[in-house]
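The values are calculated or read from the model by the stated rules, or taken from the named source; none is laboratory data. Keep in mind the model is a prediction, meaning the values are calculated, not measured. Positions of Cβ are generated from backbone atoms using ideal geometry, with glycine treated the same way; all protein chains shown enter the neighbour counts. Keep in mind that these areas ignore ligands, DNA and RNA; they rest on the heavy atoms of the full protein, side chains included. Shrake-Rupley method; radii C 1.70, N 1.55, O 1.52, S 1.80 Å.
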Amino acid sequence: MKKWLTLITLFIAMCLQGVEVGAQQQQRFPKPEFESGYTQPVTTVPAARADFLAYLDILILIGALALISWLILKKRSRRGVTWVSVFSLLYFGFFRQGCVCSVGSLQNITLALFRPEYSIPLSALAFFVIPVVFTLFFGRTFCAGVCPFGALQDLILLRPLLLKKWLQKLLGLIPFLYLGLAILYAATATDFIICRYDPFIGIFRFDATFTMFIIGGIFLFVSLFVARPYCRFLCPYGVLLSWVSRVSKYHLTISPASCTQCRLCENACPVGAIQKPMTEKNMESRPTAVKRFMLLSFVLPAMVVLGGWTGANFHERLSAVNPKVQLAHELLAGKDNNSGEASDEVTAFRSSGKPVEELYSEAAGLVREFYWGGWILGGFIGLVFGLTLTGLSVFRYREEYSPHKGECVSCARCLAYCPVSVKDIKNR
Amino acid sequence: MDHSGKKTNRREFINKCYRYSVAVGVTGLVGGLTNKIVAKDTVWQLDPTKCTQCGKCATNCVMTPSAIKCIHVYDMCGYCDLCGGYFRPNSKELTTGAENQLCPTGAIKRKYVEDPFFQYEIDEELCIGCGICVKGCGAFGNGSLQLQVNHDLCKNCNQCTVATACPSNAFTRVPADEPYLFTGYKKQ
């Protein structure tokens, strides 16, 4: 027994010497030469997912987008959209289990644009660009049923409640904030917040952290009664697609020919994207219009500056999430009191042998980036608020019931409500 | 009638301008990123030389149990009787008794080979990736036990949650055809 105790103490002494050298040292105990004909087992190294499968995903994405665009715009079939949704939910959702998805790929793009050390995989770029291109031509057909998140929420929609317009507008501002924050945090290589707080990925994997399940559960429950809560009130990629969709070349139309203004489709849209006709052209009196224009042209820049200033004031709070900045703060705080247990980060940093000054300068650089990022983020939010406000006073002359090209997710539910059919018109 | 026709044309023209600028923007984006695109997909892996065995791999992975597991690199193993990765530092006897084992889940199987050598095998089903054995082996032995992301379990999240939690920034994206970062591993 004593022999072992001495051996153990010897090992501890050796360990104390050896710790600094790390794992790259020479072998302390050379591999024995076995006499009994022992063969060493093979080290298990499960292979990663094969490369060609990533290309297959891209092809399937293009195929699904082409199919659903054809179904919506040419065939005008809600049933077809449902089936594509089911397929996407099964393939991109439960089989592929999420990553990389178009919503998250937005952060990869940002990271690649702002950080020279990161190179972007082709699949991430393709998942970002392809839906944008399709939206530019056909509207948000990606949202309709190719995006597994949208498909999931759309398929479980039981009884859509129509939200009040003001509530819809107000909640609709959240995605802009989320988009801005996601870009800020991706550009500073802090975190991918869209992925971290994704509500559905845990459901696709049947495995997630507690908070993920709670968020996912809430979203699923809400989406039984409110159509697509994630798409409308959180999705940052939806913001981009909504911008692109506003100027799309083609788009879903409620009526296949010309609207007879029968009003049957008025309440058909679960996301409240159907615009009523504005046939009355009441010209506003010139003085009030000028007054309003003057007011808006003052309010809009003021909101941008105010937003930017607020954002810049928050830059330290924003940057506190960054692990490097956190570590620098911890080290600075540790210098003062020098007591208590050092955190894992501090221990790891000390053992890495990197000079503290280097870390401090890096952290200071990041905080500066957050300062300017805060200005841009805040300015952007101010602009969005201002434009939303401006939008309230814009009345556009419109003769037909038509979907709002930005808000419409092309789910094709309204099509069945329209009594006009192409055949009737041809027969007439 | 003439007037409204003109109006729609103007709107259509503005839309067209926007449409073309979006197209130009997307093309510019792709063009700007051309020399940063890698055709091959990347996967997450941790560098064992940077790892400090803090234990966060076991708790921060989105999968339960963690996709990060201890992998035994037999090429580096010294087949020690007194294994720093297997036994608790103060174990009285060098037997397979549970009270002597370091691993919280008993995932390491000790097998007699020949005097005085023993083989240690990891039961991947039981391993939770806590890295306690890795710490022990690195401190007392050769460091043949190493934490690695197992790619049959890893979902390859866009952003690895363990990577963000890792105190020593040991996680990197590596090419999918060379997905492991062992030290001292001889390829067969």
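Data for the structure
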| quantity | calculated |
| --- | --- |
| Cα-based helix-to-principal-axis angle, A:2-18 vs chain A, degrees rounded to 10 | 60 degrees |
| Most to least packed among A:66-72, A:40-46 [average Cβ atoms within 10 Å] | A:66-72, A:40-46 |
| Mean Cα-pair separation over length for the stretch B:42-175, i.e. relative contact order, pairs under 8 Å, 6 or more apart, % | 43 percent |
| Peptide A:148-158, shielding by other chains (average Cβ, 10 Å cutoff) | 0 |
| Within the stretch A:158-199: backbone nitrogen closer than 14 Å to the A:Ser352 label point (7 Å, Cα to C-beta) | A:190 |
| Shape of chain A, Cα gyration tensor, a/c cut at 1.5 | oblate |
| Accessible area buried, both sides summed, chains B and A with 1.4 Å probe, Å² | 6400 Å² |
| A:Ser393 versus A:Ile214: modelled label distance in nm, points set 7 Å from Cα along the beta carbon direction | 4.3 nm |
| Chain A - mean residue ellipticity at 222 nm from DSSP helices (-39,500 (n - 2.57) per run, n ≥ 4, rounded to 500) | -18500 deg cm²/dmol |
| C-alpha center-to-center spacing [the stretch B:75-153, the stretch A:50-90] in angstrom | 49 Å |
| Fraction of beta bridges assigned by DSSP in the protein assembly as shown that are antiparallel (%, nearest 5) | 90 percent |
| Sites A:Met278 and A:Ser119, calculated FRET efficiency, Cβ-Cβ separation with R0 60 Å, nearest 0.05 | 0.75 |
| For chain A: relative contact order, % (alpha-carbon pairs under 8 angstrom, 6 or more apart) | 22 percent |
| Label-point separation in nm, A:Leu158 to B:Asp81, each point 7 Å along Cα→Cβ | 6.8 nm |
| The stretch A:266-413 - percent relative contact order, Cα under 8 Å, separation 6 or more | 54 percent |
| For residues of B:138-145, the mean tally of beta carbons on other chains within 10 Å | 6 |
| Computed label-point distance, nm, for sites B:Lys16 and A:Lys169 using a 7 Å Cα→Cβ extension | 3.3 nm |
| Farthest positive-ward along the stretch A:315-381 dipole, Cα basis, beta-carbon charges - from A:Ala333, A:Tyr360, A:Tyr371 | A:Tyr371 |
| Backbone N within the stretch A:294-328 under 12 Å of label point (7 Å from A:Arg368 Cα along the Cβ vector) | none |
| Largest-first ordering by accessible area, 1.4 Å probe, given options A:Phe204, B:Phe171 | B:Phe171, A:Phe204 |
| Residues B:Asn100 and A:Phe221, FRET efficiency given R0 of 41 Å [Cβ-Cβ distance, rounded to 0.05] | 0.25 |
| Global geometry of the stretch A:244-341, whether rounded, prolate or oblate, following the gyration tensor of its Cα atoms and the 1.5 cut on a/c | oblate |
| Förster-model FRET efficiency, 41 Å R0, A:Glu266 and A:Val299, C-beta, rounded to 0.05 | 0.80 |
| Cα gyration tensor shape for the stretch A:352-415, rounded if a/c is under 1.5, else prolate or oblate | oblate |
| Per-peptide average of other Cβ atoms within 10 Å, ordering B:54-64, A:386-396, A:151-161 highest first | B:54-64, A:151-161, A:386-396 |
| Test item: B:33-43 mean partner chain Cβ contacts at 10 Å | 6 |
| Rounded tilt (10° steps) of B:2-33 against the dominant C-alpha axis of chain B | 30 degrees |
| Neighbour cut-off at most 13 other Cβ (10 Å), DSSP loop, GluC sites (Glu not before Pro), the stretch A:266-326 | A:Glu266, A:Glu280, A:Glu284 |
